[in-house]
Amino acid sequence: MSIPKETRRESHQIVKLTLTERQGKVLLILKERGDMTAQEVAAELHRRGITLTDERNFAAPRLTELSKAGLVKAVDKKICGKTGRKVSVWAVVKEDA
């Protein structure tokens, strides 16, 4: 493994250790379910009994935080089934092997 890949992987592991509980749950949902919008993640948080409603603001700020940490990224756009507006589709950033 090259030195840049090795140091990036080490940094990625450290960042994962500092996740909040909600951030960790959002990341887990994306890993399990694949690419999703903030609204879809919020609905899944609600379905799992983690949040009281499926309000997207339970997920959207966590996705922004995870994006800034380099753990997720916006990979596409689609029309939200709930609002009819164009929204980002989020995916987990794959670690270098």
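Values for this structure:
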read-out: Count - residues of the range 25-56 that are of a type in the set (Gly, Ala, Ser) and in a helix (DSSP H, G or I); value: 3
read-out: Any hit, the range 62-73, residues being β-branched (Val, Ile, Thr), buried (at least 16 other Cβ atoms within 10 Å of the Cβ), at pLDDT 95 or above and assigned to a loop (DSSP other than H, G, I, E, B); value: no
read-out: Selection count where residues are farther than 17 Å from Gln23 by Cα and among the acidic types (Asp, Glu), scope the range 52-94; value: 1
read-out: Residue in the range 85-92 that is surrounded by 12 or more Cβ atoms within 10 Å (Cβ to Cβ) and either among the charged types (D, E, K, R) or not in a strand (DSSP E or B) (or both) present; value: no
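The values are calculated or read from the model by the stated rules, or taken from the named source; none is laboratory data. In this text the structure is predicted, and so the values were computed from the model without any measurement. In this analysis, Cβ positions are derived from the backbone assuming ideal geometry, glycine residues included, and neighbour counts consider all displayed protein chains.
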